[in-house]
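Since the structure comes first, as structure tokens, the remarks are kept for the end.
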Amino acid sequence: MKRNSSLLVLFICMMIFSQQSFAQKLSELKPQIENILKKYKAKVGVAIHNQDYNDSLIFHGDHHFPFQSTYKFHLGIAVLDQVDKGKLKLNQVVEISKAKVTTELYSPIKDKYPNGTSLPLSEILYYTIAESDNVGCDILFELLGGTEVVDKYFKDLGYKNFDIKLTEEVQQANWDRQFENWTTVGASNQVLHDYYVNKDNRLSPESYKFLWDTMRATKTGQDRIVNLLPKGTIVAHKTGTSGRNRKTGEIAATHDIGVVTLPNSKVFYISVLVSESLEGDANSAKIIAEVAKAAWDFYTSK
């Protein structure tokens, strides 16, 4: 009997060791990501985390990347928090004056309603997140009471390594000012994870569903995270894009952050922020696509 017990203990130990030996560690992916990044003239931040958020691979984790429109994800969360607290309603109608759409900012709302209109809050949120609408973004900031309200919401919860200071109108009026809105790749992934798992039930079930349905409906950046993944892959993501510096030719921001669903229904979290790029629009986006594909292959090949 004692011998059988010893054999059982030995068997269990061998099974544990075997599982640990074959467990995937993102560190195995590091050489491949390095090979991708060294091909391009750009500063690239990468953060990849597994579903359980206990394994990660990060490049340029301390670098301050311009937020650009990826902060519209954070803005959407802050708006939905106010909805859950009863201070706003998704079906409330928001007036959009002609003056607000008389702008050079990118805006599908402006294009569709050049003389202004009135839209429910839910539709403005959709435009802002899924279509990266800048007019909608600044209307939401105004509705909340300013960018500082969004910044404070997250920092009061303990989040660090980012600043949300300027509206789209302000940051786009001067090239250098966009860098006042900044984040790190790790900070982006942390927010993605916490609100995907709905940590501490921060969002109501209704707001949670609205947020992630909208993120999955994102239309911008089809040449980024989703580009090289199998057709039909579920990706909930938010892009960010700057213009090109006329003096240096650099692109300050070609970004994509998101949650990718694997064939086994597990997910991984990924933020790829491309800055100081001399590669042009297509290649800057290609960096993101190649990194995302490498992560996908890593998780699906074992």
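The values are calculated or read from the model by the stated rules, or taken from the named source; none is laboratory data. Please read these numbers as outputs of a predicted model, since none were measured by experiment. Backbone-built Cβ (ideal geometry, glycine too); neighbour counts: all protein chains shown. Quick note on the areas: whole protein, heavy atoms, side chains included, nothing else; ligands and nucleic acids left out. Shrake-Rupley method; radii C 1.70, N 1.55, O 1.52, S 1.80 Å.
For this structure, a couple of remarks:
- Taking the conditions (1) closer than 24 Å to W182 by Cβ; (2) modelled with pLDDT of 95 or more; (3) open to solvent by 30 Å² or more (accessible area, probe 1.4 Å) in turn, K231 satisfies each one other than (1).
- Per this entry, A292 is not counted among residues that are open to solvent by 60 Å² or more (accessible area, probe 1.4 Å), under 16 Å from D223 (Cβ atoms) and small (G, A, S).
- K30 surrounded by 21 or more Cβ atoms within 10 Å (Cβ to Cβ), at pLDDT 95 or above, part of a helix (DSSP H, G or I) and among the charged types (D, E, K, R): no
- Evaluation of E142 against (1) assigned to a helix (DSSP H, G or I); (2) buried (at least 19 other Cβ atoms within 10 Å of the Cβ); (3) out of contact with any strand residue (DSSP E or B) (no Cβ under 8 Å at 6 or more places or on another chain) (one fails), failing number: (2)
- Screening the candidates N198, N264 for the property of being at pLDDT 95 or above, touching a helix residue (DSSP H, G or I) at 6+ places or on another chain (Cβ under 9 Å), surrounded by fewer than 22 Cβ atoms within 10 Å (Cβ to Cβ) and on the phi > 0 side of the Ramachandran plot yields one hit, N198.
- Subset of segment 234-250 that is among the small types (G, A, S) and more than 20 Å from L192 (Cα to Cα) - its residue that is surrounded by the most Cβ atoms within 10 Å (Cβ to Cβ): S242
- Only one of the numbered conditions (1) open to solvent by less than 10 Å² (accessible area, probe 1.4 Å); (2) more than 16 Å from S207 (Cα to Cα) is violated by Y153, and that is (1).
- Residue match in segment 172-183 (condition: without any contact (Cβ under 8 Å) to a residue 60 or more places away in the chain, more than 17 Å from the chain's Cα centre (by Cα) and not in a helix (DSSP H, G or I)): yes
- Among the residues of segment 207-223, the ones that are open to solvent by less than 20 Å² (accessible area, probe 1.4 Å) and over 12 Å from G76 (Cα atoms) come to 2 in all.
- Output for segment 269-280, where each listed residue is surrounded by fewer than 23 Cβ atoms within 10 Å (Cβ to Cβ) and under 30 Å from Y53 (Cα atoms): E276
- So Y127, is it in contact with a helix residue (DSSP H, G or I) (Cβ under 7 Å, 6 or more places away or on another chain), under 22 Å from D194 (Cα atoms), hydroxyl-bearing (S, T, Y) and at pLDDT 95 or above: no
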